[in-house]
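Below is one structure; the comments refer to it alone.
The values are calculated or read from the model by the stated rules, or taken from the named source; none is laboratory data. Since we're looking at a predicted model, the values are computed, not measured. Here the Cβ positions follow ideal geometry from the backbone for every residue, glycine too, while neighbour counts run over all protein chains shown.
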Ligand code: FES
Ligand SMILES: [Fe+2]
């Protein structure tokens, strides 16, 4: 059942060149977003490698819901609400596991990984109208996967996952192609940070190609190679692209080709330091495909509304309230990734771990951004960098410069459409 939607007129608040500050702070806006975007649309839930074994499961957020991602004994994936059909108890007390059944801690009803009720103490007392088949866990209405990424929609009707993803499928393709087997794993464990900021300000920061020299100045000064590599000038050949449907990416293709050399995206390790990986890529793919992956590396892409492929890290946004977001991060492990996986683990720890160089900077900015937009004046947040100069391609992709706000506009354009729809 859909929750009522507020009477807020989003067309008044979302403009091409600016958005209203209350969109980040108003609890009624947050409620509308949860309903319209997270509970009616497609949302990233988890990766199939997180339930790699038969009869494995893990707990994930889906908007404000808690769901269980499972793989049953016949190898099928399910997304189930973490709510016992008996008296409504939450079933899972651990974040993940492998087991024949999930057992409710309250009265010990047990369920197989496809959600069926398989055991109940004192079943005879359940009463004459009781049917075991109708008393399983509830499946989220629609579940679909692309490249191992499992998405779910709580709405029974609507666009297909492929229609929702549009050109974003290319960014997932680019990521999985980094593995000689065309498969990634998200099994290194998750780092969770609680940001005191609205989920949209966290998302906008992730696609912001403008802030790095200022917010991440300490990292740049500590790592001259990185600073030089990310040539952050208005003239950089790197582009920010609006891929449509709220998705966007920052495309480093031209910059990496201009600079030449493989594996710069790993943080400048020379090819000679990853011989196993380079050989495996060359054996797995046609030469032009292998070389392109080795030169350009993984994508930097935001998939609406909550999945961010941050090159060799995956980040997921969990909106908790108008002013609070949990930010999940894990490094991407490549199947047959050779030396690269170790490198990715160390880079994730260095940049995104509790003592990391990058995420603490962004978290602080998120806090300050949230406090700032809570002040009444000026009412609007600007969104106009590059608006007049970005290029509209024939395939409807909009291409702006690295330091333009093309990616943020990509998000807001789709947001405005979804939130403005009359239901
Ligand atoms: S609430 Fe789950 S078995 Fe009773
Ligand atoms: Fe940042």
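A few points about this structure:
- Looking across segment 87-103, the residues that are in contact (Cβ under 8 Å) with a residue 24 or more places away in the chain and within 13 Å of ligand 1 (Cβ to nearest atom) come down to 90, 91, 92, 102.
- Against the numbered list (1) closer than 25 Å to residue 55 by Cβ; (2) surrounded by 15 or more Cβ atoms within 10 Å (Cβ to Cβ); (3) over 19 Å from the mean Cα position of the chain (by Cα), residue 141 comes up short only at (2).
Residue-by-condition table, conditions (1) within 13 Å of ligand 1 (Cβ to nearest atom); (2) surrounded by 18 or more Cβ atoms within 10 Å (Cβ to Cβ); (3) free of Cβ contacts under 8 Å to residues at least 12 places away in the same chain:
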{"site": "53", "(1), (2), (3)": "no, no, no"}
{"site": "57", "(1), (2), (3)": "no, yes, no"}
{"site": "71", "(1), (2), (3)": "no, yes, no"}
{"site": "80", "(1), (2), (3)": "no, yes, no"}
{"site": "105", "(1), (2), (3)": "yes, no, no"}
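- Looking only at residues in segment 193-204 that are touching a helix residue (DSSP H, G or I) at 6+ places or on another chain (Cβ under 8 Å) and over 12 Å from residue 370 (Cα atoms), the one that is nearest to ligand 1 (Cβ to nearest atom) is 193.
- Some residue of segment 116-134 being touching a residue at least 40 places away in the same chain (Cβ under 8 Å) and either touching a strand residue (DSSP E or B) at 6+ places or on another chain (Cβ under 9 Å) or surrounded by 15 or more Cβ atoms within 10 Å (Cβ to Cβ) (or both): no
- Of the residues in segment 175-190, at least one is in a helix (DSSP H, G or I) and over 16 Å from residue 325 (Cβ atoms).
- Among strands (runs of 3 or more DSSP E) entirely within segment 24-102, having at least 2 residues that are at pLDDT 95 or above and at positive phi singles out no element at all.
- When the strands (runs of 3 or more DSSP E) confined to segment 316-423 are screened for residues that are within 16 Å of ligand 2 (Cβ to nearest atom), those reaching at least 1 such residues are found at 324-331.
- Residue that is away from ligand 1 (no atom under 16 Å from the Cβ), part of a strand (DSSP E or B) and either modelled with pLDDT of 95 or more or in contact with a helix residue (DSSP H, G or I) (Cβ under 7 Å, 6 or more places away or on another chain) (or both), where the choices are 159, 150: 150
- Yes/no for residue 194 being modelled with pLDDT of 95 or more, assigned by TED's automatic domain parsing to the domain that holds residue 278 and exposed (fewer than 15 other Cβ atoms within 10 Å of the Cβ): yes
- Output for segment 257-304, where each listed residue is in contact with a strand residue (DSSP E or B) (Cβ under 6 Å, 6 or more places away or on another chain) and either in a loop (DSSP other than H, G, I, E, B) or not assigned by TED's automatic domain parsing to the domain that holds residue 236 (or both): 299, 304
- A search for C-beta distances below 9 Å between a residue of segment 396-420 that is free of Cβ contacts under 8 Å to residues at least 12 places away in the same chain and any residue that is buried (at least 22 other Cβ atoms within 10 Å of the Cβ), counting only pairs 6+ apart in sequence or on different chains, returns 417/246.
- Condition check for residue 14: in contact (Cβ under 8 Å) with a residue 40 or more places away in the chain, crowded, with 17+ Cβ neighbours inside 10 Å and outside the structural domain of residue 308 (by TED's automatic domain parsing): yes
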